[in-house]
Amino acid sequence: MRRRRFLTGLGGLAATGLATDLVLDSQERFQRAAVMIASAPSYGHDLESIIRSGLSELDIGRAEVRGKTILLKPNLVEPCRDAPQVNTHPLVVRASAEVFRSWGARRVLVGEGPGHCRDTRLVLEESGMADVLAEARLEFIDLNHDDLELVLNGLRRTKLSHLALPATLGKVDWIVSLPKMKTHHWAGVTLSMKNLFGVMPGVHYGWPKNVLHHAGIARSILDITATVRPHLAIVDGIVGMEGDGPIMGSACPAGVLVMGRNLPAVDSTCARLMRIDPWRIEHLALASGRLGPIAANHIEQRGESIGAMSRAFGLLEHFSSARMSG
Amino acid sequence: MHGEDAARQAASWLASVQRPDGSVPSSQVTSAPGWTTAHALLLWQGLGGCERMRHRAREWLLRTEGRRQTVEDGERGVAGHDVGLAGWPWVAGTHSWIEPTAMAIIALCAEGDRNHPRVVEGIRLIRDRAIRGGGWNYGNPAVFGRTLRPQPGPTGVALVALAAYGPVDDSIVAQARNYLLRSLPTIHSAISVGWGVLGLAAHQAYPSEADSWLEAAHERCREHRDSTVGLSLLLRAASGQSWTNGIGESRARPGIGAMRAEGIKR
């Protein structure tokens, strides 16, 4: 913790405060959520069918999607041509878009505000996303440079009274978080909740979005999730990242797509698939009881079992205590 | 509208949103952050006049610095750079990063502040943040002992800032030049190509192939109607001007006529 606090300015996270939070957060007994784990061995498989079946298992279908404007928010963090484990794979984005289109969505957009690169176009081109967006005729919104709206911070776990958000978020019916399944050297894991750092506009928060680091990464994740209130998550775990994520880690083929409406439930399921204890990931522990359930017995797992699909993602030494036992 | 008329209109608008403290906010929705102040100052300098706004912007820049941090035993390897140096942040109260530091240095050097201690420290910061192997990214050369990847945009703007401070030809500059010469031929994104070529030109390393890089980036840029920043950088790079020449008539090169016409139309 000392090392993390050093760079991020977490400062205010006193041990007693965290203990109080954890007592409160254990009260998630009235919360339940369903999470779908779908086997997807490679990007060459029929991802559209896998996602359609997975969402259907969650009772999401045409009746709910028809007529909606849907924003897909992938994780495009850096321009990397030779490291496919860094960014959400373009074919996962395309397959998700085609599912929503086939169910009658009025419009499907893709939006992202990369945290490490001011030149969003470069990230799109280097990640292969630009070609897929063009082929699939998908409109892209650069959330770093969108018009801004100031909104009240929905949770106030940080000291930030308001959050500046891209105006596009207020113009869509659904926001779908489409992260990569990765370890993260400050946050432990980066999944559907941490992915939402990418909606925060760089023109207001900088590159990197250092304001949120100083406000506290875990607490910022909670505030953003509570304020943006995404409707769905589809996690690209076909090839994830282990070790020194979110940028410099190694590829880790996990062969899964994980889906669900409740983001803490989805992310804690992903953590278990990575053999990481979600209770030892600060933002997940803090989310419990506030934003959703993370306890295994409060999450209804559909599709594949965690036991069959999990594999141990490598962890940096300072997160080694987060490894699930057994 | 003639280009200079449009620029003067933009300068007047920027003056109208300048805050009493001298900063020019990045959005009309909020009063901060003010990293855009250096950009406004460069426009006012280029057009000439605008002394009162320039003075207030310069004072604000000199007062604004990134947060310094302290290093405890064993922590140097976490950050990979000297966290005690201060340049300029994107947002007040946060750490210093490459682009706002470089832009502030470019603007302040053009104001005659080349020897100001803030500029001198900013130059030290830029050099300290250079990535082993060549170039810069947003400002993190390494984390947890792992060297991070350079990017052409920050590399270009850092090279321009070093040139604005004074002629320098050392291994940091040479490695950055080499990185750009390796990476730019395969990149078509306007902002990255524009800054990359400007960085090379600032160190007299404009290669003969650069015109074709700019043309290819311009072709790609035309597909995206929201590419004003990219187009502006391409035009600037194609003009053959250095940043210290101000905004005036540019030296047109064959093959970039379409790009200039497109810029004027917009």
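The values are calculated or read from the model by the stated rules, or taken from the named source; none is laboratory data. Note that the structure is predicted; figures quoted are calculated from it, not measured. In this analysis, Cβ positions are derived from the backbone assuming ideal geometry, glycine residues included, and neighbour counts consider all displayed protein chains. Calculation scope for accessible area: heavy atoms of the full protein, side chains included, ligands and nucleic acids excluded. Shrake-Rupley method; radii C 1.70, N 1.55, O 1.52, S 1.80 Å.
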Discussion item. I'd like the residue in the stretch B:136-148 that is open to solvent by 30 Å² or more (accessible area, probe 1.4 Å) and facing another protein chain (nearest Cβ under 7 Å) and, out of all such residues, is nearest to B:GLY194 (Cα to Cα).
Written reply: B:ARG146
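A quick yes/no check of all residues on (1) surrounded by fewer than 18 Cβ atoms within 10 Å (Cβ to Cβ); (2) in contact (Cβ under 8 Å) with a residue 40 or more places away in the chain; (3) of a type in the set (S, T, N, Q):
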position: A:MET248; (1), (2), (3): no, no, no
position: A:ALA254; (1), (2), (3): no, yes, no
position: A:PRO278; (1), (2), (3): no, no, no
position: A:HIS283; (1), (2), (3): no, yes, no
position: A:ALA287; (1), (2), (3): no, yes, no
position: A:PRO293; (1), (2), (3): no, yes, no
position: A:ALA296; (1), (2), (3): yes, no, no
position: A:ARG311; (1), (2), (3): yes, yes, no
Worksheet item: Out of the residues in the stretch A:133-145 that are within 14 Å of A:THR88 (Cβ to Cβ) and outside any loop (DSSP other than H, G, I, E, B), which is nearest to the other protein chains (Cβ to nearest Cβ)?
Response: A:PHE140
Discussion item. Within the stretch A:239-326, considering only helices (runs of 4 or more DSSP H) that don't extend past its boundaries, which have at least 3 residues that are within 17 Å of the chain's Cα centre (by Cα)?
Written reply: A:263-273, A:282-287
Item to complete: Could you tell me whether the stretch B:169-189 includes any residue that is away from every other protein chain (no Cβ under 14 Å), outside any helix (DSSP H, G or I), open to solvent by 10 Å² or more (accessible area, probe 1.4 Å) and modelled with pLDDT under 95?
Response: yes
Practice prompt. Select, from B:ILE172, B:ILE98, the only residue that is of a type in the set (A, V, I, L, M, F, W, C) and without any contact (Cβ under 8 Å) to a residue 60 or more places away in the chain.
Written response: B:ILE172
Worksheet item: Is it true that some residue in the stretch A:239-249 is touching a helix residue (DSSP H, G or I) at 6+ places or on another chain (Cβ under 9 Å) and of a type in the set (Val, Ile, Thr)?
Response: no
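Conditions (1) more than 19 Å from the chain's Cα centre (by Cα); (2) assigned to a helix (DSSP H, G or I); (3) modelled with pLDDT of 95 or more; (4) over 15 Å from A:PRO179 (Cα atoms), marked per residue:
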position: A:ALA19; (1), (2), (3), (4): yes, yes, no, yes
position: A:GLN27; (1), (2), (3), (4): yes, no, no, yes
position: A:GLN31; (1), (2), (3), (4): yes, no, no, yes
position: A:LEU71; (1), (2), (3), (4): no, no, yes, no
position: A:VAL93; (1), (2), (3), (4): no, yes, yes, no
position: A:ALA97; (1), (2), (3), (4): no, yes, yes, no
Worksheet entry | Within the stretch B:38-78, considering residues that are within 19 Å of B:ALA15 (Cα to Cα) and of a type in the set (Lys, Arg), the one farthest from the chain's Cα centre (by Cα) | B:ARG52
Worksheet item: Are any residues in the stretch A:224-246 crowded, with 23+ Cβ neighbours inside 10 Å and either within 14 Å of chain B (Cβ to nearest Cβ) or of a type in the set (D, E, K, R) (or both), and if so, which ones?
Response: A:ASP236, A:MET241, A:GLY245, A:PRO246
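Listed here are the residues, each with its yes/no results for (1) open to solvent by less than 20 Å² (accessible area, probe 1.4 Å); (2) of a type outside the set (Phe, Trp, Tyr); (3) out of contact with any His (no Cβ under 9 Å at 6 or more places or on another chain).
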| residue | (1), (2), (3) |
| --- | --- |
| B:ARG8 | no, yes, yes |
| B:ALA11 | yes, yes, yes |
| B:LEU14 | no, yes, no |
| B:GLY22 | yes, yes, no |
| B:HIS39 | no, yes, yes |
| B:GLU51 | no, yes, yes |
| B:ARG54 | no, yes, yes |
| B:ARG58 | no, yes, yes |
| B:GLU65 | no, yes, yes |
Response to the item:
If you go through B:THR101, B:THR155, the only one that is of a type outside the set (A, V, I, L, M), within 17 Å of B:ARG58 (Cβ to Cβ), buried (at least 21 other Cβ atoms within 10 Å of the Cβ) and away from chain A (no Cβ under 11 Å) is B:THR101
Worksheet, complete the sentence: Only one of (1) at pLDDT below 95; (2) in contact with a Phe, Trp or Tyr (Cβ under 7 Å, 6 or more places away or on another chain); (3) not β-branched (Val, Ile, Thr) does not apply to B:TRP35, and that is (1)
Worksheet item: Taking the stretch B:37-81, which residues are polar (S, T, N, Q) and more than 26 Å from A:ALA215 (Cβ to Cβ)?
Response: B:GLN45
Item to complete: Output the residues belonging to the stretch B:158-168 that are in contact with a Ser or Thr (Cβ under 9 Å, 6 or more places away or on another chain) and either within 27 Å of B:ALA79 (Cα to Cα) or open to solvent by 40 Å² or more (accessible area, probe 1.4 Å) (or both).
Response: B:ALA158, B:VAL160, B:ALA161, B:ALA163
Worksheet, complete the sentence: Selection from the stretch B:158-168 of residues within 8 Å of the chain's Cα centre (by Cα) and more than 14 Å from chain A (Cβ to nearest Cβ) yields B:VAL160, B:ALA161
Item to complete: Residue by residue through the stretch A:148-162, note down the ones that are in a loop (DSSP other than H, G, I, E, B), surrounded by 14 or more Cβ atoms within 10 Å (Cβ to Cβ) and within 12 Å of chain B (Cβ to nearest Cβ).
Response: A:LEU160
Practice prompt. Scan the stretch A:190-223 for residues that are crowded, with 24+ Cβ neighbours inside 10 Å and among the acidic types (Asp, Glu) and jot them down.
Written response: none
Practice prompt. Have a look at B:LEU85, B:LEU108, B:LEU125 and point out the one that is within 21 Å of B:LEU43 (Cα to Cα) and away from every other protein chain (no Cβ under 13 Å).
Written response: B:LEU108
Discussion item. Just to check your reading of the model, which residue among A:PRO90, A:PRO74, A:PRO79 is of a type outside the set (A, V, I, L, M), buried (at least 23 other Cβ atoms within 10 Å of the Cβ), touching an Asp or Glu at 6+ places or on another chain (Cβ under 9 Å) and within 14 Å of chain B (Cβ to nearest Cβ)?
Written reply: A:PRO79
Practice prompt. Could you please find all residues in the stretch B:40-82 being more than 11 Å from chain A (Cβ to nearest Cβ) and among the aliphatic types (A, V, I, L, M)?
Written response: B:ALA40, B:LEU41, B:LEU42, B:LEU43, B:LEU47, B:MET53, B:ALA57, B:LEU61, B:LEU62
Worksheet item: So, in the stretch A:121-132, of the ones that are open to solvent by 10 Å² or more (accessible area, probe 1.4 Å) and not in a loop (DSSP other than H, G, I, E, B), which residue ends up farthest from the other protein chains (Cβ to nearest Cβ)?
Response: A:VAL132
